[in-house]
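What follows is a short report on a single structure.
The values are calculated or read from the model by the stated rules, or taken from the named source; none is laboratory data. It should be emphasised that the depicted structure is a prediction, and the values quoted were computed from it without experimental measurement. Cβ sites come from the backbone with ideal geometry, for glycine too, and all protein chains shown count toward neighbours. We work out accessible area using only protein heavy atoms, side chains counted, and drop any ligands, DNA or RNA first. Shrake-Rupley method; radii C 1.70, N 1.55, O 1.52, S 1.80 Å.
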Amino acid sequence: MFLVKIILWGLIAVIFYVLLDKIFIKGEYESDWKTEHGEYKVRIERVRTFRAPFMQAKITDSTRNKMFAKRIEDAELVRSFDGGKREEVAEELVRRYEARVLHSKAS
């Protein structure tokens, strides 16, 4: 009976490890950005999943006291992030966020 319990717990541990290995944070980037339209804190987490890679971006807008979080599945941005161009990816995300905020403000 004791041997059966050890084998069962071993199988549960292996299954748990495999499932956790499918989803995890592959890389992180965090920095402060200042543009002519505001000040931002950008945090990007690169997540690897079983299906398709993506990034989770969070932009804290200290000028407007807002926070923006979005799942980014743009393959080009993910490749750039993986290629070490993290500052360029953050700059692009800030540019997209500003365009969205300024466009909604103009409407």
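List the DSSP H helices in the chain whose Cα atoms stretch 20 Å or more along the helix axis and whose mean Kyte-Doolittle hydropathy is at least 0.0.
Once both thresholds are applied, what remains is 2-22.
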For this session: Could you please put ARG86, ARG51, ARG71, ARG46 in sequence from largest to smallest accessible area, using a 1.4 Å probe?
Result: ARG51, ARG71, ARG86, ARG46
Exercise. To the nearest 10 Å², what's HIS37's accessible area with a 1.4 Å probe?
Worked result: 70 Å²
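Where nothing but the Cβ of Lys and Arg (+1) and of Asp and Glu (-1) is charged, how large is the charge dipole of segment 37-107 around its Cα centre, in debye to the nearest 20?
Details: 17 positive and 12 negative charges, 64 e Å.
It works out to roughly 300 debye.
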Seminar exercise, completed: Computed over the chain, the relative contact order (Cα-Cα under 8 Å, seq sep at least six) in percent reads 16 percent
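Quantify, in whole percent, the carbon and sulfur part of the accessible surface of the chain (1.4 Å probe; protein heavy atoms only). If you can, show how the numbers build up before the last one.
Numbers: 4730 of 7970 Å².
Carbon with sulfur: 59 percent of the solvent-accessible area.
Can you give me the accessible area per residue for the chain, using a 1.4 Å probe, in Å²?
Working: 7970 Å² over 107 residues.
With the other protein chains kept in place, the chain gives 74 Å² per residue.
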Seminar exercise, completed: Residues meeting the amide H criterion for ILE72 (H placed from the backbone, H to H distance under 5 Å, 5 or more places apart or on another chain) are MET55, GLN56, ALA57
Exercise. Per-residue HN-Hα couplings for segment 26-41, Karplus 6.51 cos²θ - 1.76 cosθ + 1.60 at θ = phi - 60°, whole Hz, x for Gly and Pro?
Worked result: 8, x, 9, 8, 9, 7, 9, 10, 10, 10, 5, 9, x, 10, 9, 10
For this session: Could you state how much accessible area ASP32 has, in square angstrom rounded to the nearest 10, with a 1.4 Å probe and all protein chains kept in place?
Result: 120 Å²
Problem set entry | Radius, Kirkwood style, for segment 46-89 when every pair of distinct Cα atoms is counted (Å) | 11.4 Å
Seminar exercise, completed: Here the alpha-carbon Rg of the chain over 2.2 N^0.38 Å rounds to 1.51
For this session: Report the full-extension gain for the segment SER62 to SER31: residue separation times 0.36 nm, less the Cα-Cα distance, to one decimal in nm.
Result: 9.8 nm
For this session: Please give the FRET efficiency for ILE7 paired with THR49, using the beta carbon to beta carbon distance and R0 = 25 Å, rounded to the nearest 0.05.
Result: 0.25
For this session: Give, as a single signed number, the net charge of other residues whose beta carbon lies under 9 Å from the beta carbon of GLU39, with Lys and Arg counted +1 and Asp and Glu -1.
Result: 0
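Can you tally the lysine pairs in the chain where the Cα-Cα distance is under 14 Å and the two residues are eight or more apart, or on different chains? The partial results should precede the final answer.
Details: LYS41/LYS58; LYS41/LYS66; LYS58/LYS66; LYS58/LYS70; LYS66/LYS105.
Number of lysine pairs found: 5.
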